[in-house]
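Colleague: Pasting a structure here, questions to come.
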Amino acid sequence: MHLDLLAILTAFGLIFLAELPDKTMFASLAMGTRMRPLYVWFGTSSAFIVHVAIAVGAGSLIGLLPDWIVKLVSASLFALGAFLLLRGSGGDDDETEVRTVTGFWPVYSTAFMAVFISEWGDLTQITTANLAASNGTWSTAIGSAAALMSVSALALLAGKFIAKRVPLKTVQRIGGLCMLGLAIWTAVEIFTG
């Protein structure tokens, strides 16, 4: 196994920049306001590692998946997330206690599945597959995984920072509306992409 520092840094830089404006970052931010951020990070990071392994090991197989099915499932998951966030944010602030999803396995599996399904055929996965073909498998895998995990951590830290300064119900409403927007955006991609 040969590691190339330049290939690691190249993969990290490209993937980090590509993932910053991605819907998965916003989904992580929204999940982090309702669930324990560390558990969300473990779930998202595990899903990212699986996707990196798939991308560097069998990048060409991604193109065989029907794009519309991937987008339909992704849109459905975003819509479910929007429903859960918006449902939990209704009512009077004084009368309704907001419940946070707890427990390692429920949070981990929710975060894992949200990222695992929505990242199929994503720009970062395709970029990782392309980089692996030209810059080496291990170097690309390390750089890509580190970038994806860093963006998720950044989103979760921002979510925690925001949650300390803005009422949780407001954050949940905004997160729910963002998730709804992502669901609509992904559904529109089925017909325009």
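The values are calculated or read from the model by the stated rules, or taken from the named source; none is laboratory data. Small disclaimer: the values here were computed from a predicted structure and weren't measured. Using ideal geometry, Cβ is built from the backbone for each residue, glycine included, and neighbour counts are taken over all protein chains shown. Please note that ligands, DNA and RNA were not included when accessible areas were found on the heavy atoms of the full protein model with its side chains. Shrake-Rupley method; radii C 1.70, N 1.55, O 1.52, S 1.80 Å.
Colleague: Quick one: would you say Phe112 is at pLDDT 90 or above and open to solvent by 50 Å² or more (accessible area, probe 1.4 Å)?
Modeller: no
Colleague: Related question: Tell me, yes or no, whether the stretch 2-21 has at least one residue that is modelled with pLDDT of 90 or more, among the hydroxyl-bearing types (Ser, Thr, Tyr), in a helix (DSSP H, G or I) and surrounded by fewer than 19 Cβ atoms within 10 Å (Cβ to Cβ).
Modeller: Looking for residues that are modelled with pLDDT of 90 or more, among the hydroxyl-bearing types (Ser, Thr, Tyr), in a helix (DSSP H, G or I) and surrounded by fewer than 19 Cβ atoms within 10 Å (Cβ to Cβ), one finds at least one in the stretch 2-21, hence yes.
Colleague: Continuing with this model, one more query. Starting from the stretch 123-138, take each residue that is at positive phi and list its partners that are buried (at least 17 other Cβ atoms within 10 Å of the Cβ), counting only C-beta distances under 7 angstrom and pairs at least six apart or across chains.
Modeller: Pairs found: Gly136/Ala7.
Colleague: Among the residues of the stretch 132-191, what is the count of those that are within 18 Å of the chain's Cα centre (by Cα) and either closer than 14 Å to Ala75 by Cα or among the hydroxyl-bearing types (Ser, Thr, Tyr) (or both)?
Modeller: 16
Colleague: While we're here: Among the candidates Ala141, Ala155, Ala147, single out the residue that is small (Gly, Ala, Ser) and either open to solvent by 10 Å² or more (accessible area, probe 1.4 Å) or at positive phi (or both).
Modeller: Step by step, each of Ala141, Ala155, Ala147 is checked, and only Ala141 is small (Gly, Ala, Ser) and either open to solvent by 10 Å² or more (accessible area, probe 1.4 Å) or at positive phi (or both).
Colleague: A further question follows. Sort out which residues of the stretch 25-45 are crowded, with 24+ Cβ neighbours inside 10 Å and under 19 Å from Ser144 (Cβ atoms), and write them in order of number.
Modeller: Of everything in the stretch 25-45, those that are crowded, with 24+ Cβ neighbours inside 10 Å and under 19 Å from Ser144 (Cβ atoms) turn out to be Ala27, Ser28, Gly43, Thr44.
Colleague: Here's another thing I want to ask about it. For the stretch 8-18, how many residues are farther than 16 Å from Val56 by Cβ and either more than 18 Å from the chain's Cα centre (by Cα) or among the acidic types (Asp, Glu) (or both)?
Modeller: Here the count works out to 1.
Colleague: If you check Thr127 against the conditions, is it assigned to a helix (DSSP H, G or I), open to solvent by less than 40 Å² (accessible area, probe 1.4 Å) and modelled with pLDDT of 80 or more?
Modeller: Against the criterion (assigned to a helix (DSSP H, G or I), open to solvent by less than 40 Å² (accessible area, probe 1.4 Å) and modelled with pLDDT of 80 or more), Thr127 qualifies.
Colleague: Can you pull out the residues in the stretch 31-84 that are hydroxyl-bearing (Ser, Thr, Tyr), at pLDDT below 75 and farther than 15 Å from Met113 by Cα?
Modeller: Ser60
Colleague: Can you tell me which residue among Ile142, Ile162, Ile174, Ile117 is among the β-branched types (Val, Ile, Thr), at pLDDT below 90 and closer than 18 Å to Ala47 by Cα?
Modeller: Step by step, each of Ile142, Ile162, Ile174, Ile117 is checked, and only Ile117 is among the β-branched types (Val, Ile, Thr), at pLDDT below 90 and closer than 18 Å to Ala47 by Cα.
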